[in-house]
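The values are calculated or read from the model by the stated rules, or taken from the named source; none is laboratory data. Just so we're clear, the structure is a prediction, and the values are computed from it rather than from any experiment. Here the Cβ positions follow ideal geometry from the backbone for every residue, glycine too, while neighbour counts run over all protein chains shown. Remember, those area values only see protein heavy atoms, side chains included, never the ligands or the DNA or RNA. Shrake-Rupley method; radii C 1.70, N 1.55, O 1.52, S 1.80 Å.
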Amino acid sequence: MELKDIESAIEAILFASGDPIPVERIAMALDVRVATILPVIDRLADYYSYERRGIRLIRLENCCQLTSAPEHADRVRKALETRRPPQLSQAALESLSVIAYFQPTTKAYVEQIRGVDSSYTMGLLCDRGLIEECGRLSVPGRPILYRTTQNFLRCFGLKSLDDLPALPDTSPEGGQIALDMQAAIQRLKEESPEEEIQKGV
């Protein structure tokens, strides 16, 4: 396939899907190598952003997706008559940050760090699609393990978990982890487009 045909086909696949699509699946559909389409995807993403188009192509770990431009979130919401979802509470952000940095982890570990019951906030994060169950820990009681989702990456403008801000100190003494988590998640909020965070959660 010619480069322009690959570019066009990628657009068509992503538009038709709406959901994140693994890069490997796109390469298989086009019968080309992953290394061939990765620069095409990056070029398309740069084009949409540079030309200030109404859509964006984003990378989520090994997947990519077409989304609306975050600056048009209010207009899209108004046109589609969708309500703005409430922002996450500080408690939910703290729980989410613990999971993000120490995943896969259990509700008990989140509660140990936060020092309070986190049943409600964990359920809320699951309902919002920001975390998901990913197995059980091999200890008595077999507690559920949780990890973040691709929706978490999208909402916070991350390509992968490697893009998370570094924790200044992960020492558990004196509740330092909880303080570090709050600082890190605040940096995430400040570095991510506000509309995109609100739209995703």
Among LEU153, LEU130, LEU161, which is the only one that is loosely packed, with under 15 Cβ neighbours inside 10 Å, in contact (Cβ under 8 Å) with a residue 60 or more places away in the chain and hydrophobic (A, V, I, L, M, F, W, C)? LEU161
Residue check: is ILE55 β-branched (Val, Ile, Thr) and within 17 Å of LYS159 (Cβ to Cβ)? no
Qualifying positions in the stretch 106-129 - touching a helix residue (DSSP H, G or I) at 6+ places or on another chain (Cβ under 6 Å) and among the β-branched types (Val, Ile, Thr): VAL110, ILE113, THR121
Could you figure out which of (1) open to solvent by less than 50 Å² (accessible area, probe 1.4 Å); (2) out of contact with any Pro (no Cβ under 8 Å at 6 or more places or on another chain); (3) touching a residue at least 40 places away in the same chain (Cβ under 8 Å) isn't true of GLU61? (1)
Here the residues within the stretch 64-98 that are loosely packed, with under 14 Cβ neighbours inside 10 Å, among the small types (Gly, Ala, Ser) and touching a residue at least 12 places away in the same chain (Cβ under 8 Å) are SER89
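Quick grid of which residues meet (1) over 25 Å from ALA166 (Cα atoms); (2) modelled with pLDDT of 90 or more; (3) in a loop (DSSP other than H, G, I, E, B):
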position	(1), (2), (3)
ALA100	no, yes, no
ILE113	no, no, no
ASP117	yes, no, yes
LEU125	no, yes, no
GLY129	no, no, yes
GLU133	no, yes, no
GLY141	yes, no, yes
LEU145	no, yes, no
Considering the stretch 18-41 alone, what residues qualify as being closer than 25 Å to LEU153 by Cα and touching a residue at least 24 places away in the same chain (Cβ under 8 Å)? GLY18, ASP19, PRO20, ILE21, PRO22, VAL23, GLU24, ILE26, THR36, ILE37, VAL40, ILE41
Residue check for TYR101: surrounded by 12 or more Cβ atoms within 10 Å (Cβ to Cβ) and free of Cβ contacts under 8 Å to residues at least 12 places away in the same chain: no
Output the residues belonging to the stretch 34-58 that are more than 23 Å from the chain's Cα centre (by Cα) and loosely packed, with under 11 Cβ neighbours inside 10 Å. ALA35, GLU51
Mind listing whichever residues of the stretch 103-132 are over 11 Å from PHE152 (Cβ atoms), aliphatic (A, V, I, L, M) and touching a Lys or Arg at 6+ places or on another chain (Cβ under 9 Å)? MET122
